[in-house]
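Visitor: This is the structure I want to talk about, given as structure tokens.
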Amino acid sequence: MSISESDYSLIKEKSVGGRYVINEQILQFLENNNRKLLIRAIGKSVQEREIKSLKLGTGPIKILMWSQMHGNESTTTKAVLDFINYLNADFAVASFILERCTLMIIPMLNPDGAAAYTRINANDIDLNRDAQNRTQPESVVLRKAFDDFEPHYCFNLHDQRTIFNVGNTPKPATVSFLAPAHDPERTISKTRGVSMQLIVAMNKTLQEIIPGQVGRYDDGFNSNCVGDSFQMLHVPTILFESGHFPKDYERERTREFIFRAMISAVQTIAENKIDNYKRDDYFQIPENGKLFFDILIKNAEIIDSSLKESASIGVLYKEILSKGRVEFEPVIDKRGVLSDYYGHEIYDCSNEADLIKLRQQSFYQLVKE
Ligand SMILES: [Zn+2]
């Protein structure tokens, strides 16, 4: 039974929204819920921000999840807070999950990066390339949580860029998943197979609400990536990537899809239904393509005489933190023949109405020659 829209709007955590989500909000959320959660301070970031974990549930199956190890990837953090509210509300499925499972959640692993709205931590290190050497305090915190908790499953929660489409289709990869590899040959161990089955279960749920908008993330092996490193330790790990939904740059819709995917995976685990899903179906999910621009301007030779016939201009937004909000600044990425590409927003200069609309856009000065 999936949760209804009205139930979702009731449990949706109102204190977080948009792209800029910071540690103060997480700490406040934990404080507000401290009677229902077992909260622990598990370490500090480079700039001495507190990193906290919470536990809920009493069951024998242990699931570890962490979000925002990349500071500017906040969508899954919002979804995690919704998921905690769901588990703490009065739903039969939630109660069952809490009887069967114990969940340990680190809602924000990189609070310094979150404050600065950067992928990296305060020492300019990508924590998802630090799994082996663990040079950073945040990497040590995560690994210690993993070693102490000894999870049976791990969820590694991220955001991906707006450039990704599904396979060769014009659909955006609104959600992508990966069952990380554990060796360079990308063989399928039992552990990795379980990750694949859980992804198949989540894909089934998501296809009903966002048909054709689920992709499979690139599975190149890198032992310095956290997911790959935990998979090497024989714990089924799943990479979640929150992506673009049309017109949803604040990622509030994608937040809901991730929330629903999480319920699907955890419910499948709790109900012991993993074997209802075929591992091979994982490969039916198309791989991510990289064919989207945020804005695609077709027949751009009409506004830029330096271009040849049937040329396009592809614009991507750069995300900039300004006064506590993320702003989207258009930047030209490519000019030329871009006939294989798609746009989240499209203007065709050969169409009079589009041209009028384009000239009214603030980025018009940027694109015309
Ligand atoms: Zn990431």
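The values are calculated or read from the model by the stated rules, or taken from the named source; none is laboratory data. These figures come from a predicted structure and were not determined experimentally. As a convention, Cβ positions derive from the backbone with ideal geometry for all residues, glycine included, and neighbour counts pool all protein chains shown.
Visitor: Hey, could you check the range 153-203 for residues that are under 22 Å from residue 271 (Cα atoms) and of a type in the set (D, E, K, R) and say which is surrounded by the fewest Cβ atoms within 10 Å (Cβ to Cβ)? Before the answer, list the steps.
Guide: Quick first cut of the range 153-203, residues under 22 Å from residue 271 (Cα atoms) only: 153-156, 177, 179, 190-203.
Those still in the list that are of a type in the set (D, E, K, R) too: 190, 192.
Numbers: 190: 9, 192: 23.
Among those residues, the one meeting the criterion is 190.
Visitor: Given the residues 91, 155, which is the only one that is more than 15 Å from the ligand (Cβ to nearest atom) and farther than 30 Å from residue 295 by Cβ? It would help to see each step written out before you state the result.
Guide: Numbers: 155 fails: more than 15 Å from the ligand (Cβ to nearest atom).
Criteria check complete, one pass: 91.
Visitor: Hey, which of the strands (runs of 3 or more DSSP E) in the range 19-71, taking only ones fully inside, have at least 3 residues that are in contact with a strand residue (DSSP E or B) (Cβ under 8 Å, 6 or more places away or on another chain) and within 18 Å of residue 156 (Cβ to Cβ)?
Guide: Values: elements: 38-44, 50-56, 61-67.
Passing ranges, in order: 50-56, 61-67.
Okay, residues lined up against (1) over 28 Å from residue 86 (Cα atoms); (2) crowded, with 19+ Cβ neighbours inside 10 Å; (3) touching a strand residue (DSSP E or B) at 6+ places or on another chain (Cβ under 7 Å):
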{"site": "255", "(1), (2), (3)": "no, yes, no"}
{"site": "258", "(1), (2), (3)": "no, yes, yes"}
{"site": "282", "(1), (2), (3)": "no, yes, no"}
{"site": "295", "(1), (2), (3)": "yes, yes, yes"}
{"site": "305", "(1), (2), (3)": "yes, no, no"}
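Visitor: Enumerate the strands (runs of 3 or more DSSP E) found wholly within the range 209-313, keeping only those where 2 or more residues are touching a helix residue (DSSP H, G or I) at 6+ places or on another chain (Cβ under 9 Å) and over 18 Å from residue 159 (Cα atoms).
Guide: Details: elements: 214-216, 237-242, 292-298.
Ranges flagged: 292-298.
Visitor: Exactly one condition in (1) under 21 Å from residue 61 (Cα atoms); (2) out of contact with any Gly (no Cβ under 8 Å at 6 or more places or on another chain); (3) buried (at least 24 other Cβ atoms within 10 Å of the Cβ) is not met by residue 269; state its number.
Guide: (3)
Visitor: Give the range 99-140 a look and list any residue that's assigned to a loop (DSSP other than H, G, I, E, B), free of Cβ contacts under 8 Å to residues at least 60 places away in the same chain and within 13 Å of the ligand (Cβ to nearest atom), or say none. Please lay out each step first, then the result.
Guide: So in the range 99-140, the residues assigned to a loop (DSSP other than H, G, I, E, B) come out as 107-110, 117-126, 130-136.
Still in the running and free of Cβ contacts under 8 Å to residues at least 60 places away in the same chain: 109, 118-120, 124-126, 134-135.
109, 118, 119, 120, 126, listed by residue number.
Visitor: Within the range 169-186, track down each residue that is farther than 26 Å from residue 119 by Cα and either within 16 Å of the ligand (Cβ to nearest atom) or modelled with pLDDT of 95 or more (or both). Walk me through how you get there before you give the answer.
Guide: Going through the range 169-186, the residues farther than 26 Å from residue 119 by Cα turn out to be 169-170, 185-186.
169, 170, listed by residue number.
Visitor: Here is a further query. Among the residues of the range 75-86, are any crowded, with 23+ Cβ neighbours inside 10 Å, within 14 Å of the ligand (Cβ to nearest atom) and in a loop (DSSP other than H, G, I, E, B)?
Guide: no
Visitor: Determine whether residue 220 is at pLDDT below 95 and surrounded by fewer than 24 Cβ atoms within 10 Å (Cβ to Cβ).
Guide: Yes; evaluated as a whole, the condition is true for this residue.
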